[in-house]
Amino acid sequence: METLWLVVLGTLTVGYFALAGFDYGTGLLLPFRRREIALQRMNPFFLGNEVWLVAAIGVLFAAFPRLEGELLSGAHSTFTLVLAGLVLFMAAVQLRLWWWLVFMGALMVSVGWGLFLAHLLHAPWPVAFVMPVLFAVHGWVFQARRWKVFPVTALLCALPIPLAFSSIDVTGLMAHNDTLGLLAWVAIPIIPLVVLVQWSIVAISSR
Amino acid sequence: MSAVDLARLQFALTTSFHFLFVLLTLGLVTLLVIMQTRFTITGAPVHERMTRFWGRIYVINYALGIVTGIVMEFQFGLNWSGLATYAGDVFGAPLAMETLIAFFLESTFLGLWIFGWGRLNRWVHLSLLYLTALTAFASAFWIMAANGFLQHPVGYRVDGNVLRLDDFSALLSNPTFTSALMHVIFASITVGGVFMTGISAYHFIKRTPEVDFFRRSLRLGVVTTALATPSLIGAGFAQFPVIAQYQPHKTEAAPWIGAPLGFMIIIGMTLTMVSWLTLPLLIKDAVIRMRFPLYLMVIGIPLPFVAAIFGWLFREIGRQPWLIYGLLRTEDAVSHVDASQILLSLIVFTSLFVVLAVTDWALIARAVRRGPDVTPAPVSPLVVTL
């Protein structure tokens, strides 16, 4: 049961970070690209990653209740930065008044996740810049349509935080099997369904 | 202010902002289901245009509402880690159900609905909207189940110093959940009805050339409000015996707690009365020709939102000093973080939420002013295809 839930949480987190490169990466590259075209190309992916984040935090709460609070409140200001960046990014992309707000939002989210990575690894703060660099590279690969290296950069964005996460010992932090068993019936069929529908969104919008 | 006070203030503000978005989402999706079903069956262009116009407003509101929801969800872990530690096994179950079965699926179905416009078989496209609406109401279902547990904990057993899930079905038959769920559902449908009425009235005030379009919208709004409000009030009053049984001291939680409750009831009664008085005036469009009721309809748009916030204040403040009634005190659940950190996030989030609410309002106003026909420049990236 423990392995199963680590896999579920891992899948959701990987899903979020793999998709995050599309829009945060695009946002980070805005000063250097043709903005209208770049933003338009991002449309079908917009908000696609955030749903994975929401699902991941939900699973973290229910399956790892004694880890969730410690993990989030232990990095309170870092998450304030991540969330502030998220809010700014999503509002700015939709409002489309000032492109530099989109850039600022993307920068705040990605630096925030970088700080969280540094926090998990007990590494010095400059490690934080790993995430914005990875997102930007992935965003460039996506915008420039270099599909051959695309899976590589997607994985590079997706892996650091779930890997750093795996250093945490979860014994005693998980929910009781009664809760885990109930939720397993829900979580396992839903993930492939969402992947299928999200893939259809991209397929249909590029037709 | 102490860390607890700041964390409570932050939770109240985040929830209130989030709830404003949620109400309109649920209300509009219900009306969209009606409009798109009529379009799919009859094939009449006016129903398609209505689905598009109101769909655009719905999508704008949904996309900005998601952001407030993400902050809501993180807040449990950031400021209230004691809740997960103590009751995560039980309270977390409906919460995770909401994120997985409801939200995760809802936004994905909605995405396919948006980008599938004109590209999918119209029955398939309609069924996507039904799935979106169904999962949207499933969200309300699970969130209210989680909240019902806080109001009156059931289905748990104590194991050392934590709670364990004992009987999941007890959470779903919890009287503080079932009675409140219906109230929230009808409140959201009322919001949708009043909103649609008000926006259509605005267009008549502006002497719109789209008479048929907004006449149909206004009628749908008024009829929806008239049908929803009696059930809304019924479900509201049905909660008093439940409160008397499980939270007898609710009205003593704060000296002023009766005020929001009273205002909510007055607004509910007013909306019921006015919508029923308007019904006969729909005959031969009397209400549009009289013109002055149109102004009242526009002014009325914020009323159900205000009432809903008042209702929440009563429900949540009335639970104090408990976070989980009788089991966990609010002050014992707050995270071990500095008050200064909570203050920082409170200031940051509150200002950003004000920005979000203004953005939502600005984008909706832009979409409303442009009217049913799409101009080449889309109002928001998600509504390009609509």
Determine which member of the set B:I60, B:I66, B:I41 is more than 20 Å from B:A138 (Cα to Cα) and at pLDDT below 90.
B:I60
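Okay, residues lined up against (1) over 18 Å from the mean Cα position of the chain (by Cα); (2) touching a residue at least 60 places away in the same chain (Cβ under 8 Å):
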position: A:I37; (1), (2): yes, no
position: A:F45; (1), (2): no, yes
position: A:E50; (1), (2): no, no
position: A:I57; (1), (2): no, no
position: A:A63; (1), (2): yes, yes
position: A:R66; (1), (2): yes, yes
position: A:A84; (1), (2): no, no
position: A:L88; (1), (2): no, no
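Yes/no per residue for (1) surrounded by 15 or more Cβ atoms within 10 Å (Cβ to Cβ); (2) assigned to a helix (DSSP H, G or I); (3) modelled with pLDDT under 85:
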| residue | (1), (2), (3) |
| --- | --- |
| B:I288 | yes, yes, no |
| B:L294 | yes, yes, no |
| B:G311 | yes, yes, no |
| B:Q320 | yes, no, no |
| B:L343 | yes, yes, no |
| B:I364 | yes, yes, no |
| B:L382 | yes, yes, yes |
So for the stretch A:23-33 (the condition being under 19 Å from A:L196 (Cβ atoms), crowded, with 22+ Cβ neighbours inside 10 Å and not aliphatic (A, V, I, L, M)), does at least one residue qualify?
no
Which numbered condition B:T51 fails, given (1) surrounded by 24 or more Cβ atoms within 10 Å (Cβ to Cβ); (2) away from chain A (no Cβ under 14 Å); (3) over 28 Å from B:R122 (Cα atoms)
(3)
What are the pairs, 6+ residues apart or on separate chains, where a residue within the stretch B:82-109 that is at the interface with chain A (Cβ under 7 Å from one of its Cβ atoms) and touching a residue at least 40 places away in the same chain (Cβ under 8 Å) has its Cβ under 6 Å from a residue that is surrounded by fewer than 24 Cβ atoms within 10 Å (Cβ to Cβ) and among the basic types (K, R)?
B:T85/A:R66; B:D89/B:R164
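Here's the yes/no breakdown for (1) buried (at least 22 other Cβ atoms within 10 Å of the Cβ); (2) under 18 Å from the mean Cα position of the chain (by Cα):
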| site | (1), (2) |
| --- | --- |
| B:A140 | no, yes |
| B:A145 | yes, yes |
| B:H152 | no, no |
| B:S169 | no, no |
| B:L172 | no, no |
| B:T176 | yes, no |
| B:M182 | no, yes |
| B:A187 | yes, yes |
| B:V191 | yes, yes |
Six or more apart or on different chains, Cβ atoms under 9 Å: show the pairs whose first residue is in the stretch B:174-189 and at pLDDT below 90 and whose second is not in a helix (DSSP H, G or I).
B:S179/B:A238
Which residues, counting only those in the stretch A:28-75, are farther than 15 Å from B:E73 by Cβ, in contact with a Leu (Cβ under 9 Å, 6 or more places away or on another chain), part of a helix (DSSP H, G or I) and facing another protein chain (nearest Cβ under 8 Å)?
A:L39, A:N43, A:R66, A:E70
Would you point out the residue of the stretch B:110-163, among those that are within 11 Å of chain A (Cβ to nearest Cβ) and among the aromatic types (F, W, Y), that is farthest from B:G43 (Cα to Cα)?
B:Y156
Out of the stretch A:164-186, which residues are within 10 Å of chain B (Cβ to nearest Cβ) and either modelled with pLDDT of 85 or more or farther than 30 Å from A:G114 by Cα (or both)?
A:H176, A:N177, A:D178, A:T179, A:L180, A:G181, A:L182, A:L183, A:V186
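The values are calculated or read from the model by the stated rules, or taken from the named source; none is laboratory data. Because the structure is predicted, anything quoted here is derived from the model rather than measured. In this analysis, Cβ positions are derived from the backbone assuming ideal geometry, glycine residues included, and neighbour counts consider all displayed protein chains.
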